[in-house]
1. Would you say C:Leu109 is buried (at least 21 other Cβ atoms within 10 Å of the Cβ), under 24 Å from the mean Cα position of the chain (by Cα) and farther than 20 Å from C:Ala21 by Cα?
2. Looking at the structure I just gave you, is D:Ala189 under 21 Å from D:Pro212 (Cβ atoms), open to solvent by 10 Å² or more (accessible area, probe 1.4 Å) and either touching a Ser or Thr at 6+ places or on another chain (Cβ under 6 Å) or within 13 Å of chain C (Cβ to nearest Cβ) (or both)?
3. Using beta carbons and a limit of 9 Å, which pairs, at least six apart or on different chains, have the first residue in the stretch D:226-246 and at the interface with chain C (Cβ under 7 Å from one of its Cβ atoms) and under 17 Å from B:Pro242 (Cβ atoms) and the second one assigned to a strand (DSSP E or B) and among the hydroxyl-bearing types (Ser, Thr, Tyr)?
4. Does any residue of the stretch A:116-128 turn out to be in a loop (DSSP other than H, G, I, E, B), crowded, with 19+ Cβ neighbours inside 10 Å and touching a residue at least 60 places away in the same chain (Cβ under 8 Å)?
5. Are any residues in the stretch A:211-225 at the interface with chain B (Cβ under 9 Å from one of its Cβ atoms) and assigned to a helix (DSSP H, G or I), and if so, which ones?
6. Just to verify a result, which residue in the stretch B:298-308, among those that are open to solvent by 20 Å² or more (accessible area, probe 1.4 Å) and more than 7 Å from chain A (Cβ to nearest Cβ), is nearest to B:Ala328 (Cα to Cα)?
7. Of all residues in the stretch B:144-186, which are within 14 Å of another protein chain (Cβ to nearest Cβ), among the β-branched types (Val, Ile, Thr) and over 18 Å from the mean Cα position of the chain (by Cα)?
8. Go through B:Gly309, B:Gly294, B:Gly326, B:Gly270 for me and flag whichever is among the small types (Gly, Ala, Ser), at positive phi, in contact (Cβ under 8 Å) with a residue 12 or more places away in the chain and in contact with a helix residue (DSSP H, G or I) (Cβ under 8 Å, 6 or more places away or on another chain).
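The values are calculated or read from the model by the stated rules, or taken from the named source; none is laboratory data. Not measured: the values here are computed from a predicted model. With ideal geometry, Cβ positions are generated from the backbone for all residues, glycine too; neighbour counts draw on all protein chains shown. Surface areas here come from the heavy atoms of the whole protein model, side chains and all, with no ligands, DNA or RNA. Shrake-Rupley method; radii C 1.70, N 1.55, O 1.52, S 1.80 Å.
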Protein chains: 4
Amino acid sequence: MSEIIRAGLVGVTGYTGMELARILAAHPVIRLTAVTSREEAGRALEDIYPFLRGFACGKLCLIAPDPEALAKSCDLAFLAVPHGAAMELAATLRALGVKVVDLSADFRLREAGIYREWYGQEHTQPARLKEAVYGLPELYAGEIAGAGLVANPGCYPTSVILALYPLLRQGLVETGSVIIDAKSGVSGAGRKASQAHLFSEVGESFRPYSVPRHRHTPEIEQELSLVAGREVLVTFTPHLLPVNRGILSSIYLRPTAGAEEESLRAAFAGAYAGSRFVRLLPPGSLPELRYVRGSMYCDIGLVMDKRSGRLMVFSAIDNLCRGASGQAVANANLMSGLPLECGLEAAPLAP
Amino acid sequence: MSEIIRAGLVGVTGYTGMELARILAAHPVIRLTAVTSREEAGRALEDIYPFLRGFACGKLCLIAPDPEALAKSCDLAFLAVPHGAAMELAATLRALGVKVVDLSADFRLREAGIYREWYGQEHTQPARLKEAVYGLPELYAGEIAGAGLVANPGCYPTSVILALYPLLRQGLVETGSVIIDAKSGVSGAGRKASQAHLFSEVGESFRPYSVPRHRHTPEIEQELSLVAGREVLVTFTPHLLPVNRGILSSIYLRPTAGAEEESLRAAFAGAYAGSRFVRLLPPGSLPELRYVRGSMYCDIGLVMDKRSGRLMVFSAIDNLCRGASGQAVANANLMSGLPLECGLEAAPLAP
Amino acid sequence: MSEIIRAGLVGVTGYTGMELARILAAHPVIRLTAVTSREEAGRALEDIYPFLRGFACGKLCLIAPDPEALAKSCDLAFLAVPHGAAMELAATLRALGVKVVDLSADFRLREAGIYREWYGQEHTQPARLKEAVYGLPELYAGEIAGAGLVANPGCYPTSVILALYPLLRQGLVETGSVIIDAKSGVSGAGRKASQAHLFSEVGESFRPYSVPRHRHTPEIEQELSLVAGREVLVTFTPHLLPVNRGILSSIYLRPTAGAEEESLRAAFAGAYAGSRFVRLLPPGSLPELRYVRGSMYCDIGLVMDKRSGRLMVFSAIDNLCRGASGQAVANANLMSGLPLECGLEAAPLAP
Amino acid sequence: MSEIIRAGLVGVTGYTGMELARILAAHPVIRLTAVTSREEAGRALEDIYPFLRGFACGKLCLIAPDPEALAKSCDLAFLAVPHGAAMELAATLRALGVKVVDLSADFRLREAGIYREWYGQEHTQPARLKEAVYGLPELYAGEIAGAGLVANPGCYPTSVILALYPLLRQGLVETGSVIIDAKSGVSGAGRKASQAHLFSEVGESFRPYSVPRHRHTPEIEQELSLVAGREVLVTFTPHLLPVNRGILSSIYLRPTAGAEEESLRAAFAGAYAGSRFVRLLPPGSLPELRYVRGSMYCDIGLVMDKRSGRLMVFSAIDNLCRGASGQAVANANLMSGLPLECGLEAAPLAP
């Protein structure tokens, strides 16, 4: 663990870039050596992010994105750019021998046709798509460790897949009756100037959005179907919460015949034995956003409603940390031979 | 409309009492003549509610609750007391000839046995229970106009019943597959000192609670079953939002065979023709809490998800106004021969 | 009061336009007959402001701004446009015989040179500047009633001038030692897309801004100097609060020799006798934003600190209602021969 | 650094106890070995603080406070109890050889008479009062390193003293004209059930409180006077911000003759050279709460207002971390021979 891993961060001005900078500022092994921003090139990182003043990385001078330059200064690159902007760059960096963790959606969908359908553009790197590993450590730690290109999962999919993986892989719930009512903090909407996400448009309010075709739907269905070994079709409804960070997903399921709460709980215990960052809450406890803030934890609670015969699963994550940049660092850790939790061990910030 | 209706308000220190005082401070016909509070008796209303300074009612001196005194000074009484505390008082006031709008849960459940099961105590006034009218004006305006005792609906039930009434009365959705994911602002938790609802326990957080047995469940099922003409069983999951006011319910349904979005919309248009305070939003628009704040409006949005065959109905209300005190005033208006909207016509406060 | 006043609203898409629409939607005499927006022309008002669905004005079709058209359909126009955009328009409308309430800063500074210095552009209508009346009703009700052009005060100046007027006009505080520490909700920053005012930039945070040269400084000094009869120079420091609405100003003063709390209170009582919308709080009570929300009230609290010999005055207003659009309607009321409070009588929305 | 320091935490159920548990959960050297709570004795720490599930300390069983038991299991104890409750306990623990960091106010005021005047009770441990070191590391690191009993500073005093120390020790500002307008997040009000701090009493609001006699006033004056070498008398006005964490103090000063911004900045640079956790912001930058959240940083900004001749100093801290528990851990570090920043190196959580 003593050797330094040199990391590049492409696209630092969004919230996922900001969160990567925050985590890496104190990472014991992975060190930021290049940070790019088209708009802010020439400025010091601490000038755009005053909270990094006093950290070594704060003195880094932002540069315009340039794969050749990145390849020279970095062993690994995090791409925190919008979808569409990552695919070419990832391919170029891979060709130059740089490991890549892509936080955009560009390599999450395993079929280029699905990408085209939901993102409205052609996938230009279908070969790299095959190479990419879906970066959810609890499911794919082995593949991630050997990967050169990791597709970092979406925030909503992370919260949903972790909540359903133990149930679907054991066939404990019906695959045709999955309803996901998800709620996200505003940082999930990005950091671009936008009237819709001004404080006074969002504060003291709450609303559903992108119903019924949010782009995380095919990603969720792809991964759940792989786990279940059969097609899973979901109803997925995101809502916008007046908080900075966090996603809470409330999932409504029909247990298959004979599934009792005890066996459901056992499925979780089995699936996540040894998983430091998934916490199955004891009966009577349900997840709350405040208990995962700033961390990699995914808290999960189960409730069987005997009256209606439904199973409810609730999961809470921090959308920026577990749902994006923390998970990206965990993936980079694995790709670099480091323990998953390296640099990610601080307790959640409550309150 | 020129004669004054004298109103009593029993229990002013909670949020529903506070909201009643707010609305009645500017009501053109109903005038507060007696306001009670066990703890604050002797103080002026404006001393506990500085926002009422300058209003005539602000000078009212709070008195301890006393049915005889209320009967002398009031034509009608609002009971804004906890459940259990209202039933005797309502019966006494009725016997003294005072009309009563009860904001507690005491007269909402039509069967005393159900009350006992969910509220854990015996109903002492089963005869008055029969007399009580469920005060949802869009369904029962006629009965309310002639009633002496109105059971003001719960906040969640108001948001749910208005969203489902047109569908269930026409048999457009299956009655065995109703899932309600509801989110409420913190004022719904009451105004008693409580660690769980301190700002720093709730701010920047979000959580489900009272799953799977919230007390509004039987009230919802009772009213929906009456509308549907058959038993309706729901999965009802409330969550706590970090906002002061508002309830948004996201409801997942299975349309019965052949139901198309157009006919579903027609059902709403028909059911709420002439209903000033229910607004069916046009296709593509969904409710937001900020657009109903401080008002009697219930905004409703419909989405058919063709992929999953599910119908989603979203409704938004202000839990304190439409979900409690505004509705109580609307009921009092009808009971007094006034137009439903009297004193309730201000536009929602956005932002 | 029975005749309708026809009002135009120029620039409806900002928060002051939104608030004007909210207030006028339920105004008993002033009726919106023309609403303009360059970007949204052709849409119905209720399509951009769903909270107005169901109100008569919601059906108004937005038009591009055109003084001739406005002059035909309106007796009075509210200008809710950025500074610089109002001066020509106001002059044209006045020439066409339309009364004007200008919510921008264009006519607030009585000297064109000061305007140039602080707003960085030339004032093109110096003659109209002389004609304009500063629209603070507690100080200038008489002039406003006879005015054709009213300069609606800035939000911060409203909160400050009302807090100091009684003291300065009686010489009860030193004019060289006025420190104003002011805090405003985010709606004060406007509704243009902006990264700096995204929810996640502002929520859970707090910061000073525009120190030491906020543009409301010369407006505050101009009016305080007029009241005092001598030059008043202030230290004015605004801060950004994570709330939608409200300004609280904490003002630090040195009483002149011999001024006692009692005489200071008497000065307020005298200055605001008969002023419905200024509330001097009793000793021991201090203003809170929640108690003025959505209203015209300015709550004022006084504290003498005997240890330091300083006087502190605190004032709270709703920046959008009292600090902008509500005050504009009050001015329009006076200009139209209506009572100041017409359409502005609802109680503040607490919580 | 390899030996473990065993720490006790007395009073874990308040926010300072919660924050101590959060920080110590990941501390590399100081390990919680005993945690007390009168009300929650017998429960596991993770049962009252679910965010600690998965951390070693989460399994600790809470015990009733007992000095003898603490002395056996701890080298050092943090007292996170209300004022008045700490003095006896601290004395007993000291007598048993346990080092003590007291987060209450009991040992902050160096004179028992001042304590009596402001806290309304007799100080029972005047001898220990003499022994106690005021735990502000930037001023007293040497004394703290050798101390057995450290009085952890109040949150407001921390934010104020750090902002003024460089100026007062060099005589750069007048001591008779210090005005402090401070704003704190709600966690500063404690975690006891309280109506005044319910979400819906505080959210979307803002107010001054405890004016003009907040108990942190004498602590501020004591320390500033010591620094200045002469009596400093302040006007101190706290306000309640609707955020969980953070204090921003806006301080108004009169520079002494000849003080220029450059020399003022030099004073800060000199005073805090080598101080990792104080960041003087460059000209044009001002502190924001979001940039210090969850951290030990104190960000400071200076503005000279040439118009009024006043100097404004702004400081921002996290009231729970720098203003209480993080500082307590920093003190414990120094008392244990560890580097000040041990376990306190994570970057602030933004957003």
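1. yes
2. Spelling it out, it is not the case that D:Ala189 is under 21 Å from D:Pro212 (Cβ atoms), open to solvent by 10 Å² or more (accessible area, probe 1.4 Å) and either touching a Ser or Thr at 6+ places or on another chain (Cβ under 6 Å) or within 13 Å of chain C (Cβ to nearest Cβ) (or both).
3. Between residues of the stretch D:226-246 that are at the interface with chain C (Cβ under 7 Å from one of its Cβ atoms) and under 17 Å from B:Pro242 (Cβ atoms) and residues that are assigned to a strand (DSSP E or B) and among the hydroxyl-bearing types (Ser, Thr, Tyr), the close pairs are D:Leu241/D:Ser184; D:Val243/D:Ser184; D:Gly246/D:Ser184.
4. Checked the stretch A:116-128: no residue is in a loop (DSSP other than H, G, I, E, B), crowded, with 19+ Cβ neighbours inside 10 Å and touching a residue at least 60 places away in the same chain (Cβ under 8 Å).
5. Residue satisfying the conditions is A:Thr217 alone.
6. B:Met304
7. B:Thr175, B:Val178, B:Ile179 - these are the residues of the stretch B:144-186 that are within 14 Å of another protein chain (Cβ to nearest Cβ), among the β-branched types (Val, Ile, Thr) and over 18 Å from the mean Cα position of the chain (by Cα).
8. Going through B:Gly309, B:Gly294, B:Gly326, B:Gly270 in turn, the sole match is B:Gly294.
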